[in-house]
Amino acid sequence: MEIQDLLNELGRLLGELNKLDPASKEYADTRTNFCELLDAFHAECKLRDEDLNSELKRKLEEAKQRLAEKEAADRLKIARLEALISLAKIGLTVTGTLAAIVLTASLEEGTILSKTCLAWIKAILPRT
């Protein structure tokens, strides 16, 4: 039976109990039927609650699993981005070092402190 059907029948039996004489056999039979139906109603409610709880637990576990998968994917993206940034830093460092070497080599073609190249440094430095 459906819950609503059980509730309707319980209401009908309760109405009959109110009309009957408590000392009569019909009252005892109706009361027994009412109690059995009430037990069935509680058992059905308990089963439905357990079904809902298990369904909610399953949905919660699925949501946790999806969240864990998303977090793993995000961590992978972050790791890839950090690796790319570190490679870019290495590339810039190598490029800067090569540029410094080229600049130093071009400045050392002559004497660094010669008259034509950086002569103003000689003017600043005290002569000893």
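Examine the range 110-124 for a residue that is modelled with pLDDT under 95, small (Gly, Ala, Ser), over 30 Å from residue 2 (Cβ atoms) and assigned to a helix (DSSP H, G or I), and state whether such a residue exists.
So the first thing to find is which residues in the range 110-124 are modelled with pLDDT under 95, and the list is 110-124.
From what's left, small (Gly, Ala, Ser): 110, 114, 119, 123.
Filter once more, keeping what is over 30 Å from residue 2 (Cβ atoms): 110, 114, 119, 123.
When the remaining residues are screened for being assigned to a helix (DSSP H, G or I), the result is 119, 123.
Yes, some residue in the range 110-124 is modelled with pLDDT under 95, small (Gly, Ala, Ser), over 30 Å from residue 2 (Cβ atoms) and assigned to a helix (DSSP H, G or I).
What pairs can you find where one residue is in the range 15-33 and free of Cβ contacts under 8 Å to residues at least 24 places away in the same chain, the other is among the β-branched types (Val, Ile, Thr), and their Cβ atoms are less than 7 Å apart, with a gap of 6+ or different chains?
Listed by first residue and then by second, the contacts come to 16/30; 17/30; 20/30.
Only one residue in 36, 62 is at pLDDT 95 or above and either assigned to a helix (DSSP H, G or I) or aromatic (Phe, Trp, Tyr) (or both). Which one? Show your work before the answer.
Values: 36 fails: at pLDDT 95 or above.
Of 36, 62, the one residue that is at pLDDT 95 or above and either assigned to a helix (DSSP H, G or I) or aromatic (Phe, Trp, Tyr) (or both) is 62.
For the range 1-33, name all the residues that are loosely packed, with under 11 Cβ neighbours inside 10 Å, assigned to a helix (DSSP H, G or I) and of a type in the set (D, E, K, R).
Result: 5, 19, 25.
The values are calculated or read from the model by the stated rules, or taken from the named source; none is laboratory data. What you see is a predicted model, and the numbers here were worked out from it, not measured in a lab. Methodologically, a virtual Cβ is constructed for each residue, glycine included, from the backbone with ideal geometry; neighbour enumeration extends over all protein chains shown.
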